[in-house]
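Before any comments, here is the structure.
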């Protein structure tokens, strides 16, 4: 029996959520048919799909627009999918349409909160969630932090929540590091406020003043695009760090970037279940990450990576200096990171957990 899954997402762009969706579809067997409904639009990121998938772009304009609801309702009545899965706040309201179209299995997946509401306390947004989530048959949470929020703030019954960690292709993301004469520090992610790239600039400014010998031997490459790119470049230029910090833009081949790094940094203000950290772990990199959201579920301090308190520049500097000077510790952390990802966070494990939900009877 073919199980048709309708994924409703805001857009298909380069980001952690989109990578999760692509990994999920690529890993699932052919008796699952997938359609992706983009409320806004898609990008060339969808080229990473390894099978035929219907991608529908609704081209929604900003603001409340009910013709989008009508389009989705027509699609659901016409195609009669067994499963509708929505992702994060921008699509949660379409759970009611799936219920109206009598879709048997209605799943809403929470992968993280909004940049301007990292604590998830916005009353208006939570009201929308509280109105919409009762139409779901199941809610997926990708981290313990999100699960606690769903239960404590949104008052969702624990029995209705499935904890499914993000998964990555551990065969594609693997430890085949390329030779690099310099000590290259890497960061991957959308360049916006929540990712906190400015802290990395401050890190290099501090190294330049207080650890000149280390500063001369290290460089930073930031992979990604986003609304803060121009601002970050201007700060780098103002601090005269252009020869040390490079912004290489978005990349469809992140794995090759990761393999060139000597150390991976994740300085975010908030992360639910960061795909970039999992990918760096799979590529057997030593990692320093801010202890926020669901990061501590993935990174165990001193075992498979190093954690620091977000925005604590002094602590970040200390950890970078220590790992720069201690090759054996870098190698130990990196080895353990790879082992953990293969065992706990493979795309196959994630797909198996989702298939159980898709096959459930409601």
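The values are calculated or read from the model by the stated rules, or taken from the named source; none is laboratory data. Everything numeric here is computed off the predicted structure, so don't read it as measured data. Positions of Cβ are backbone-derived with ideal geometry, glycine not excepted, and every protein chain shown enters the neighbour counts.
Restricting attention to segment 1-13, the residues that are touching a helix residue (DSSP H, G or I) at 6+ places or on another chain (Cβ under 7 Å), surrounded by fewer than 22 Cβ atoms within 10 Å (Cβ to Cβ) and assigned to a loop (DSSP other than H, G, I, E, B) add up to 2. Checking every residue in segment 204-214 against the condition of being surrounded by fewer than 16 Cβ atoms within 10 Å (Cβ to Cβ), in the same structural domain as residue 323 (by TED's automatic domain parsing) and in a loop (DSSP other than H, G, I, E, B) gives zero matches.
Within segment 104-128, the set of residues being buried (at least 20 other Cβ atoms within 10 Å of the Cβ) and more than 26 Å from residue 291 (Cβ to Cβ) comprises 105, 106, 107, 108. Hey, any hits in segment 26-41 for a residue that's touching a strand residue (DSSP E or B) at 6+ places or on another chain (Cβ under 6 Å), in a loop (DSSP other than H, G, I, E, B) and more than 12 Å from residue 4 (Cα to Cα)? Yes, that holds for at least one residue.
For residue 252, indicate whether it is outside any loop (DSSP other than H, G, I, E, B) and under 26 Å from residue 115 (Cβ atoms). Taking the combined requirement at face value, the residue does not satisfy it. Of the helices (runs of 4 or more DSSP H) contained entirely in segment 267-362, those carrying at least 1 residues that are in the same structural domain as residue 210 (by TED's automatic domain parsing) and under 15 Å from residue 175 (Cβ atoms) fall at 275-282, 327-344.
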